[in-house]
Amino acid sequence: LRECRLWMGQQLSGQFGRDACTGPLEASRTELVRLVQQNPADQFARRRLALACFFLGESYKWSSAEKASLYWRESYDHRHILLEGGRADLLGDIDLAASCSRLIQRQPADRYYSQAVPLLERIGRRLDALLKQEPGSRWLREMLVEDYCCLASCHIKAGQAAKAEQATQNCMSVLTSAIERERIDPDVALEQAGTLLSVGHLLREAKQPAAALRLVRQVAALCSQLAVYPAHNLAFPSNLSTTLDGCSLLANQLGAPALALEQAELERRIIEECLPTAPDYLHRLGSAWERIAKARWRLGDRDQAMAALRESAHIRKQIFERQPSSQVNRAYLSKAYDR
């Protein structure tokens with residue numbers, strides 16, 4: 001059930017998915033409202049209604065923050081009724097915490113924050129206990145990481161940066177201990193490292209650069225560990241290069257150009273190893289050289305920075321010449337020359 005809901009949320013993050021899903025969700029909500037009004041004790045219909053409202057909030061957050069909040073609040077109201085009227089269960093707690101996390105305003109006294117935190121902490125304790133019973137369970141570990149990331153996000157929204165950092169530390173310990181025991185799929189660890197980078201951006205936006213940088217250093221260490229894993233498919237080095245690129249970007253933004261350079265150079269080496277079998281990765285190599293240039297520039301290595309920019313422009317030109325009609329390739333080449 002949790003996997004299905006995560007997948008649905010992922011569909012709503014893209015315009016195509018929103019266009020396909022929003023209409024049916026609205027029709028479903030209308031029908032479910034009718035059913036709940038006819039029989040307020042129908043918990044099954046109310047759960048479905050809460051879920052439809054939550055996904056409508058996820059869909060409208062890209063176009064109307066006000067409309068999204070209305071749907072998230074409606075979802076919260078139904079889930080709160082369900083919580084009061086029945087026994088607590090793990091999935092119900094997760095659903096209610098998700099609704100709360102969307103509605104938090106930037107103040108520690110926010111009622112949604114006050115409810116989300118104990119819910120997420122309770123979820124975390126239960127998942128941790130289950131994971132100790134089943135240490136090889138991938139989905140339990142994924143849910144625990146999601147719980148810590150959601151908790152960190154709630155703390156950030158409420159302006160509680162120190163608590164957010166502690167939650168991210170807990171998240172990293174779950175990932176790194178699993179990697180060390182070789183009980184976690186590298187693809188999963190990489191995906192979760194990308195999630196942690198998103199938390200790092202939130203910490204930076206919350207004006208907590210030191211906490212964000214500590215997180216970036218841990219993600220960088222995790223990526224370095226993952227870089228030694230043999231790639232069983234081309235998707236893994238591709239995803240790893242994307243994470244390294246994001247790590248380099250955030251490190252440079254946080255004033256750590258040496259770390260940014262280290263991650264960008266690792267990204268470049270990984271891509272160059274893949275190019276013989278994946279020539280389409282050439283555009284990634286251009287991006288890696290841009291990251292190298294920006295890190296070099298921040299380090300004061302102007303000549304080496306310009307050399308890296310020339311290399312990036314040379315690669316962008318190759319890509320453009322392969323498909324000169326592509327406006328995207330033309331734009332990338334133009335930006336490379338601007339730099």
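Quick look at the values:
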read-out: Carbon plus sulfur fraction of accessible area for the stretch 1-58, probe 1.4 Å, in percent; value: 58
read-out: Rounded Å value of the spacing that divides the Cα centres of the stretch 219-282 and the stretch 293-339; value: 18
read-out: Gyration tensor over alpha-carbon atoms, the chain, equivalent ellipsoid semi-axes in Å; value: 40, 24, 19
read-out: Accessible area (Å², 1.4 Å probe, nearest 10) - ASP42; value: 50
read-out: Cα gyration tensor, the stretch 139-296 - rounded (a/c under 1.5), prolate or oblate; value: oblate
read-out: Max mean-square fluctuation residue, GNM over the chain, Cα-Cα springs under 10 Å, options MET143, MET172, MET306; value: MET306
read-out: Reach of LYS163 by Cα under 23 Å, taken over lysines that are not fewer than 8 positions away in the same chain; value: LYS207
read-out: Spatially proximal lysines relative to LYS294 (Cα-Cα < 16 Å; intrachain offsets below 8 disregarded); value: LYS335
read-out: Part-to-part distance (alpha-carbon centres) for the stretch 48-83 and the stretch 102-178, which is given in Å; value: 21
read-out: On Cα atoms only, tilt of 186-205 relative to the major axis of the chain in degrees; value: 90
read-out: Rounded accessible area per residue of the stretch 222-339, 1.4 Å, Å²; value: 52
read-out: Per residue Cα convex hull volume in Å³ - calculated over the stretch 55-109; value: 86
read-out: Rounded accessible area of THR277 (nearest 10 Å², 1.4 Å probe); value: 100
read-out: Helical mean residue ellipticity (222 nm; -39500 (n - 2.57) per DSSP H run of 4+; nearest 500) of the chain; value: -28000 deg cm²/dmol
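The values are calculated or read from the model by the stated rules, or taken from the named source; none is laboratory data. Quick caveat, the model's predicted, so the values are computed rather than measured. These area figures cover heavy atoms from the full protein model, side chains too; ligands, DNA and RNA do not enter into them. Shrake-Rupley method; radii C 1.70, N 1.55, O 1.52, S 1.80 Å.
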